Amino acid sequence: MAQRLVRAKRKIKDAGIPYRVPDDSILPDRLDGVLAVIYLIFNEGYSASGGDDVIRRDLSTEAIRLGSVLAELMPDDPEVLGLLALMLLQDSRRDARQSADGLQVLLEDQHRSTWNHEQIKQGVALIDRALEMGRPGRYQVQAAISALHSQAATAGNTDWTQIAALYEALSQLQPSPVVELNRAVAVAMARSIIDGLLAMDRPDVAEPLRDYRWYHSARADLLRRLGQSLESRAAYQRALELTTNTSEIRFLESRLAEVS
């Protein structure tokens, strides 16, 4: 990394590239990349890929700060507002996502009284404002999904039918196996676990995600709910093989012991 920085500095110097703040007119051309980087920072903070904790608060807090600065610079861009809303809504649940003994806590098992309801209020207001602009994008749709989760009084009151419909819309804006995986989970909750598993096991979803730990853990959970212990154990075991975060490993081990 140090060598890359040295080479980059040399290239800038040799080419005589000046440092200047870009004009407002060219900000939109750079926006997609900036939003993507901020969301990547947030995601690593929201669900750490390694270490002992589920959450890295320093990263998620910094991503929200950057998103807030961007919203001040571009208050009329709905995707900027959508990303900030998404991060606020997801971050509002961070204190409930890990138990006192460091174990990961899934959304349906979280104590909703510990959610940051002021952040939820801010996030919902932002996504409402963004959607009123009539230019929907992937961050806005994801924020709308997160808002539905955040506004449900209990896990049982979650509007899974609308969430499945929003994932269908997201698949048109951002087609990817991960989006299809999330849609499959929503379908399982809205209609039936069998329908969700069928959607999850489609070759265009299963094959690209064969080394994606969330695919195997989500599939294991649906199989567990069906009472298919043998298949569920195999899926949890594969998820464990792909996981490096200590808290997630402990959670998966507890689920594996449960289905065993």
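The values are calculated or read from the model by the stated rules, or taken from the named source; none is laboratory data. Keep in mind that this is a model prediction, so the values were computed, not measured. Neighbour counts are summed over all protein chains in view; Cβ atoms, including those assigned to glycine, are modelled from backbone coordinates with ideal geometry.
The set of residues from region 218-238 being at pLDDT 95 or above and either assigned to a loop (DSSP other than H, G, I, E, B) or under 17 Å from Ser47 (Cα atoms) (or both) comprises just one member, Ala218.
Within region 155-166, identify whether any single residue is within 15 Å of the chain's Cα centre (by Cα) and over 17 Å from Ala220 (Cβ atoms), and answer yes or no. Don't jump to the end; show me each part of the working.
From region 155-166, those within 15 Å of the chain's Cα centre (by Cα) are 163, 166; that's our starting set.
Now restrict to residues that are over 17 Å from Ala220 (Cβ atoms): 163, 166.
Yes, there is a match, as at least one residue in region 155-166 is within 15 Å of the chain's Cα centre (by Cα) and over 17 Å from Ala220 (Cβ atoms).
All of Ser192, Ser176 fail the test of being surrounded by fewer than 23 Cβ atoms within 10 Å (Cβ to Cβ), among the small types (Gly, Ala, Ser) and within 18 Å of the chain's Cα centre (by Cα), apart from Ser176.
Being over 28 Å from Glu79 (Cβ atoms), in contact with a Leu (Cβ under 7 Å, 6 or more places away or on another chain) and at pLDDT 95 or above narrows it down to one residue among Ile193, Ile249; which is it? Going through Ile193, Ile249 in turn, just one is over 28 Å from Glu79 (Cβ atoms), in contact with a Leu (Cβ under 7 Å, 6 or more places away or on another chain) and at pLDDT 95 or above: Ile193.
Can you report the number of residues in region 128-148 which are over 16 Å from the mean Cα position of the chain (by Cα) and buried (at least 24 other Cβ atoms within 10 Å of the Cβ)? Adding up the residues that qualify gives 1. Taken over region 159-207, the residue count meeting the criterion of being outside any loop (DSSP other than H, G, I, E, B), closer than 21 Å to Asp32 by Cβ and among the small types (Gly, Ala, Ser) is 2.
In region 110-120, the condition of being at pLDDT 95 or above, part of a helix (DSSP H, G or I) and among the charged types (D, E, K, R) is met by at least one residue. Of the residues making up region 239-260, those that are within 21 Å of the chain's Cα centre (by Cα) and assigned to a loop (DSSP other than H, G, I, E, B) are Leu242, Thr243, Thr244, Asn245. Helices (runs of 4 or more DSSP H) fully within region 1-103 that include at least 2 residues being surrounded by fewer than 17 Cβ atoms within 10 Å (Cβ to Cβ) and not hydroxyl-bearing (Ser, Thr, Tyr): 2-15, 27-46, 57-73.
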